[in-house]
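In what follows, a single structure is set out as C-alpha cells and then discussed.
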Amino acid sequence: MITDRHRRQRLVGVLVLVSLVLVTVDFRQGEAGPLHTARQLAVSVFAPLQGGLGDVVRPIGGFVAGIGGLGSLRREHEALQAELDALRAGEPALADLERENAELRAALALQERLQLTTTAAQVIGQPPDAFRWSVLIDVGSDDGVAPGMAVLNAEGLVGRVTDATGGHARVQLAASPTAGYAVRVADTGQQGLLEGRGSRPMELLLLDDVEAPVPVGSEVVTRAYQGGSVPDGIPLGVVASPGVSGEVRAELDVRPHVDFSRLGVVLVVRDTPALPVELEPDEAGGG
Amino acid sequence: VTRRVAVLGLVLVTALLLDTVVLVGLAVRGVSPSLVVLTVIAVALAGGPEPGVRYGFIAGLTTDLLAGGLLGLFALVHLLTGYLTGLLRPFLGDGGLLVQLGVGAAASAGNVALYGALTMVLAQQAVTWPMLLLVAVVVGLGNGLLAPFVLRAVTALLRRAGARRDR
C-alpha cells in the first residue's frame, strides 16, 4: 500500500515535471523547432477527421440547434439571407473600393496595383481550447496561404493567419485579446488602433483628433500601412458607445460586424506579400 | 492491457472530435463544454488516481498539440484533474446520479479555471477575470449535465475491455 502510494506520487511528479519542461520549452521556442513540427503533424492528422465529421454532423447540428432554441432556425435563415444581401450589396462597393484604391496608389506612384486575390476556405472546427479566439480553416500553404494574411467574410474582417501547414491554417480572430489592427473611422478619417477583448465589444483607441466627437454608429474600417498585409478599407464594426476621451487618446467600444462564434465560409486575402508587422505577439497564450 | 489502451485511445479521439466539431455548435458566448475533461474524470473515477494521471497526461498532451496554447499546459492541468479526481474516489460512495453531476461539474470547472489561471500567469493579456469566470461557469454547468452519460459510457467500456482481457 505504501509502495503503491509512493509509486503513484512519483508518477505524478515525473509527469508534472515533463509538462512544465514542455511549457517552458514552448514558451521560449515560439514559432520554430521540433514542438512546432509535432504540432503541425498532429493538426494535419486530425484535421481531416474533423472535416469528415463536420460534413456528417453539420446538418444534424443545424437540426439540433433548430429545436434547441425556438425560432433559431428562422434566425439562421434570416442571418443567411442577410449574408446573401450583404454579399450582393458588397460587390459594387468592393469594386468601387478597388478602383479608388488603384487611383490612390497610382497617384502615389506605387508600382503595384491592389487587387484582392482571395482563396475561399471553410472553417473546420475550432481548436479544443476553452479560450478559443482562433479557428482552423481547410486551406494551407499548398493553396498559397501564409502567416500574416488577412481573412474576411461577407460581413467584414475575420482575422489574420498565424500558422499554416500544407492543407490547413490557423486564423487568429480579430476579437482575440491578443489581436490589434490599425484602423480609421470611415466617417471622420480619424486613425486608431482596434483591439479585441474576447466576447466583449472591441476597443478602439483613437490616436489623432481625440477631442473630435465620434458619433455612435460610425463605421470602423482597416487602414493599410507599409509592410502590413491587411487590405485597406475592410469593414470591422461600428462604434457602439461614445466612450471616454482623454488628453492623448480616446477609448471607444466597437461592435464587430462578424459573429465570431458562427463562422462558416471565409476568404483568405493572398494578394499582398506576407510581411506581417505584428502589433501584438501571438501564440503565447492560446489566442 | 493493450485492449484497454485501445479503448481509451478511441474514447480520447472521439471526445476530441465531438468537442471540436459538435459541441462548438452549442457554445454559449464562445464557450462550450469539454468532453475530453469529462473522459479524464471518468477514467479517474473508474480506475483511480494512477490511470487518471496517465490518461489525463496523454489526453492533455494531445489537446495541447491540437490547440493553439502553450504546449504542456493542458497536459499538466488534465493530469492534475485525473489525480485529484482519482483521490476523491473512495469518498464518493455509490456514485449515484447526483454525485456524477456534482463531481463532473466541480472537477470540470476547477480544470478550466486552473487552465485559465495558468494562461493568465504565462500570457497575461490573453485572459481576463470575467472571461475566466464565464468559462468556469459555462463549462461547469455543461459538463455537469453531460457527466452522467460520459461517466457511464466510459465505465462500461472499460469494464468490458478489462473483463475480456482477464478471461
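The values are calculated or read from the model by the stated rules, or taken from the named source; none is laboratory data. Every value quoted in this text rests on a predicted model; they were computed, and no experiment measured them. Backbone-built Cβ (ideal geometry, glycine too); neighbour counts: all protein chains shown. Only protein heavy atoms, including side chains, enter the accessible area calculation; ligands, DNA and RNA are left aside. Shrake-Rupley method; radii C 1.70, N 1.55, O 1.52, S 1.80 Å.
Data overview
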item	result
Residue within region A:247-261 that is hydrophobic (A, V, I, L, M, F, W, C) and at pLDDT below 75 present	yes
Hey, B:T63 buried (at least 24 other Cβ atoms within 10 Å of the Cβ), within 14 Å of the chain's Cα centre (by Cα) and more than 22 Å from B:A161 (Cβ to Cβ) or not	yes
Output for region B:64-96, where each listed residue is part of a helix (DSSP H, G or I), closer than 29 Å to A:Q50 by Cβ, without any contact (Cβ under 8 Å) to a residue 12 or more places away in the chain and not hydrophobic (A, V, I, L, M, F, W, C)	B:D64
Number of positions in region A:187-222 that are part of a loop (DSSP other than H, G, I, E, B) and open to solvent by less than 50 Å² (accessible area, probe 1.4 Å)	9
Criterion (modelled with pLDDT of 70 or more and over 30 Å from B:A113 (Cα atoms)) met by exactly one of A:G51, A:G144	A:G144
Whichever residue in region A:132-158 is away from every other protein chain (no Cβ under 12 Å) and of a type in the set (G, A, S) and, among such residues, is most open to solvent (accessible area, probe 1.4 Å)	A:S141
Of residues in region B:102-154 being among the β-branched types (V, I, T) and without any contact (Cβ under 8 Å) to a residue 60 or more places away in the chain, the one surrounded by the fewest Cβ atoms within 10 Å (Cβ to Cβ)	B:V121
Criterion: more than 8 Å from chain A (Cβ to nearest Cβ), out of contact with any strand residue (DSSP E or B) (no Cβ under 6 Å at 6 or more places or on another chain), assigned to a helix (DSSP H, G or I) and in contact (Cβ under 8 Å) with a residue 40 or more places away in the chain - qualifying residue of B:V5, B:V11, B:V99, B:V36	B:V11
Residue satisfying condition, being modelled with pLDDT of 90 or more and in a helix (DSSP H, G or I), within set B:G162, B:G140	B:G140
Test for B:V121: is it out of contact with any helix residue (DSSP H, G or I) (no Cβ under 7 Å at 6 or more places or on another chain) and either part of a helix (DSSP H, G or I) or not hydrophobic (A, V, I, L, M, F, W, C) (or both)	yes
Failed item in (1) farther than 30 Å from A:D232 by Cβ; (2) open to solvent by less than 70 Å² (accessible area, probe 1.4 Å); (3) at pLDDT below 80, with A:A93 passing the rest	(1)
Selection count where residues are farther than 15 Å from B:A42 by Cα, open to solvent by less than 20 Å² (accessible area, probe 1.4 Å) and more than 8 Å from chain A (Cβ to nearest Cβ), scope region B:75-96	1
From B:L45, B:L23, B:L70, residue being more than 7 Å from chain A (Cβ to nearest Cβ) and within 20 Å of B:M131 (Cβ to Cβ)	B:L23
Condition check for A:A169: of a type outside the set (S, T, Y), open to solvent by less than 20 Å² (accessible area, probe 1.4 Å), under 14 Å from the mean Cα position of the chain (by Cα) and within 10 Å of chain B (Cβ to nearest Cβ)	no
Residue identified as modelled with pLDDT under 75 and either closer than 30 Å to B:L114 by Cα or among the aliphatic types (A, V, I, L, M) (or both) among A:A150, A:A164, A:A102, A:A121	A:A102
Out of B:R89, B:R54, sole residue that is at pLDDT 85 or above, out of contact with any helix residue (DSSP H, G or I) (no Cβ under 7 Å at 6 or more places or on another chain) and not β-branched (V, I, T)	B:R54
